[in-house]
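Bear in mind these aren't lab numbers, they're just calculated from the coordinates by the rules spelled out. Because the structure is predicted, anything quoted here is derived from the model rather than measured. Here Cβ is always computed from backbone atoms with ideal geometry, including for glycine, and neighbour counts include all displayed protein chains.
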Amino acid sequence: MKPIPIIRDWLRGYALIAPAILFAAVFLCVPLLLTVALSFWTQNGFSLDMSPTLKNYTTFIDYQGSPIYLTLLWRSLLISAIATLGVLLLAYPAAYFIAFGVKKRKYIWIILITIPFWTSYLLRIFSWKIILGYNGVINSSLMQLHIIDKPLEFILYNPTAVTVTLAHAWAAYAILPIYVSLEKIDRSLLEASIDLGDSPAGRLWRIVLPLSMPGTIAAALFVFIPTVGDYVTPNLVGGPSGIMIGNIIQSLLGKGNDAPMAAAAAICTMLSVAFVATGPVLLARLLRKHR
Amino acid sequence: MTTKETSMPNGLTREGLRAGVSRRNFNKLLATMGVSTAAASLPGRFAYAAEQVYLYIMGGYADKALFKEYAEKNGGNPTVALWADEEEALLKLRSGLASDVNFCGSYSVDRWRDAGVIQPIDPARLTHWNELFSGVQKVPDMERDGKLWWVPVGFGTTSIVYRTDLVDFKEESWSLLWDERYAGRLAMYDNTADGVAAAALYASVNPYTMDDAAIAKVKAAMLKQKPLLRMYTTDSTVLSQAMASGEIVAASAANDVYAQLKAQGVPVGYMLAPKEGILTWAMGLTISKDAKRLDQAYDLINSMMSKDSGMFWTSKIGYPHANEQAYASLSDEELMAVGLPRDVFSLLAKGVFESRMANEDRVAKMFEEVKASL
């Protein structure tokens, strides 16, 4: 019998993840490094001046005496945070219902949740335009009920419309991870708490909520991180007052013809999102240690 | 032992049979579904697509009616890609979009030439050149270094469209778009060529020679206007719908929006003589620097400049076409239906013609700043 060659564990591990690492290196690290490099250069008409400068970053903090980029970044973080909160408030009960309320054929419910995702994101935004529009669903119903006599103008083309649209569009991303973490909760813990006379609210607060925290935090990150940089939604429902940092980055790359400034803005956004997002991650780690 | 021996091969054969049958069935299935025939025709179809010229054009203009002459000669229609914004189009061309013929405004040609994305056009190969209005045969920026870089297809105006039943004003002026009585019910063009140019006219600044002081003046005007606006848009469908419902009562727009609304029976007016001046423009075609299908590119340009295309362009799209013969062969009723006068060319002559802006990068940046402001 030939001896089986012993491959060191660590080597086998690296061999297994090599394709993933290679992929990440080529399609994530290289572009990221290029973006970082770009952010220290200067646009000169159609060419790039490659002498390193911090000018783009100082512009980001102070643009001709006004912190326009910072304000927009702050607004984007705020819109995303509110949208994320909205998503969690909507998604948690739905996930709770599927995990605990549905006894048979859960997969049907899961499929039902994903149905809105079978249509394109753009179509979902456009349907919100129809709902919130000047002669849209909300306005025409309120007018028909004689609650208002002329259409409400404040419900479309502003930051609120962006928040509402984002909160709906990303709901399924939140329901699924929360559902998974609720599903994993050991039911005997709940039985024990009932036996020991805990109230339903106490049970939710003391057992279900803490044990589903990892899924909930994951859901919050799933929604928060991509929405900060979103530019399609504010473009379509945001109007003149609802634009976000993503729109600025996009316009700098396009009409503004200033790729280095766009790179600097993207990196500042990335850093601040990372900063905000690591908060919940650290919280989750702390909770895990306590268990 | 014996039972095992007989059952083993038996089982194997059955399994083998099952696999064989299913594979054969699969092939049959493929054949019945016509996949093999479809696969056989694929290379042919790719080759066919590669033969046709690649046109990069603004959304709303790519109608087959404009390709009739081309299709007769080349046995098919061009491959079409659409752009929504001229700067975005330039960006894509610079990053290597392999188009042969590109649509753009005459005010962009210089910039596109500087960016190195287009090549000169040989006037000798333009078969319909002599049928064009003499006035569009020579517009600013189309020629440089003694070479022709762009040929006209159509022209038009940008002014103020308004709901005659919902607004009133003393004299025709761009100031209607700064009128606080209509706060939240106004809209402005979302580009520099029409939007910033209109604001410059309002601020009594020449849009095409702006220095830093003038840019600051226009910026102040646009910042003053921003809180009054419902939207910045270049989408004439969105604008027409908003104006039809009364959500927007006045907007800067090209005459096609007026034509669309008029056709729907909406009470609208279009200012032909705002006191600060009406904006006029010409749109046309360029040939990509690395165009692979040069012969077809000329066929396409000729097709789009032809009289037939011109009649369609004018009567269906609603802008005057550059071909004078096309314009002459339309009846007064057909012109009236899209809101065009018989002596349309006097419009172009009277207006402020959109050409390349000085310091265009700074102007573009200023506009983006206005939109980003709070």
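Remarks
- Backbone phi angles across the stretch B:340-356, fed through the Karplus curve with coefficients 6.51, -1.76 and 1.60 (θ = phi - 60°), yield HN-Hα couplings of 10, x, 5, 8, 4, 5, 5, 4, 4, 5, 7, x, 8, 7, 6, 10, 5 Hz in residue order; Gly and Pro are listed as x.
- Cα-based helix-to-principal-axis angle, B:35-51 vs chain B, degrees rounded to 10: 30
- For B:ARG144, distant residues with modelled amide H under 5 Å away: B:TRP149
- Integer Hz, Karplus 6.51/-1.76/1.60 couplings in order for the stretch A:257-270, x for Gly and Pro: 6, 9, 4, x, 5, 4, 5, 4, 5, 5, 5, 4, 4, 4
- Taking every alpha-carbon pair under 8 Å whose residues sit at least 6 apart, chain B reaches a relative contact order of 25 percent.
- Between the listed residues B:VAL196, B:GLY184, B:TYR208, the Cα displaced farthest toward the positive end of the dipole of the stretch B:166-257, a dipole computed from Cβ unit charges relative to the Cα centre, is found at B:GLY184.
- Taking chymotrypsin sites (Phe, Trp or Tyr not before Pro) as exposed when DSSP calls them loop and at most 16 other C-beta atoms lie within 10 angstrom, chain A has its longest site-free stretch at A:155-291.
- Size of charge dipole - chain A - debye, nearest 20, with Cβ of Lys, Arg +1 and Asp, Glu -1, no other charges: 980
- In chain B, the longest principal axis of the Cα atoms and the axis of helix B:2-33 are about 30 degrees apart.
- Normalised contact order of chain A, rounded percent, pairs of Cα under 8 Å and 6 or more residues apart: 26
- Taken as Cα centroids, the stretch B:329-360 and the stretch A:96-166 sit 43 Å apart, rounded to the nearest whole angstrom.
- For the protein assembly as shown, the share of DSSP beta bridges that are antiparallel, to the nearest 5, is 65%.
- For the stretch A:191-259, a simple Cβ point-charge model (Lys and Arg +1, Asp and Glu -1, everything else neutral) yields a dipole of about 200 debye relative to the Cα centre.
- Pairs over the 27 Å Cα-Cα cut-off, from the set B:LYS217/B:LYS275; B:LYS262/B:LYS350; B:LYS138/B:LYS262: B:LYS138/B:LYS262.
- Loop-located trypsin sites (Lys or Arg not before Pro) in the stretch A:97-157, at most 14 other Cβ atoms within 10 Å (DSSP): A:LYS103, A:LYS104, A:ARG105
- Relative to the dominant Cα principal axis of chain B, helix B:212-225 is inclined by about 80°.
- Binning all Cα-Cα separations of the protein assembly as shown at 20 Å, short to long from zero, yields these whole-percent fractions: 14, 39, 32, 12, 3, 0.
- With helices as the sole contributors, chain B gives -13000 deg cm²/dmol at 222 nm; each DSSP H run of n ≥ 4 counts as -39500 (n - 2.57), and the sum is divided by every residue.
- Since only B:VAL53, B:MET305, B:ASN323 are under comparison, the one whose Cα sits farthest along the positive direction of the charge dipole of chain B, derived from C-beta charges on Lys, Arg, Asp and Glu, is B:VAL53.
- Greater than 28 Å apart at Cα, pairs in A:LYS55/B:LYS219; A:LYS150/A:LYS255; B:LYS147/B:LYS307; B:LYS64/B:LYS92: A:LYS150/A:LYS255
- Couplings for the stretch B:75-89, taken from phi via the Karplus curve 6.51 cos²θ - 1.76 cosθ + 1.60 with θ = phi - 60°, read x, x, 8, x, 6, 10, 10, 10, 10, 10, 8, 5, 5, 5, 4 Hz in order; Gly and Pro are left as x.
- Look at the dipole of the stretch B:41-186 built from charges on Cβ: of B:GLY154, B:THR79, B:VAL109, the Cα furthest out on the positive end belongs to B:THR79.
- Rounded, prolate or oblate (a/c below 1.5 giving rounded, otherwise prolate when a/b exceeds b/c) for chain A by Cα gyration tensor: oblate
- Proximity of backbone amide H atoms, modeled 1.01 Å from N, is registered between B:PHE353 and B:THR280 at under 5 Å, excluding neighbours fewer than 5 places apart on the same chain.
- Anchor B:LYS68: aspartates and glutamates whose Cα lies under 13 Å away (excluding residues fewer than 8 positions away in-chain): B:ASP299, B:ASP308
- Mean projection of the Cα convex hull over all viewing directions, computed for the stretch A:48-155: 13.5 nm².
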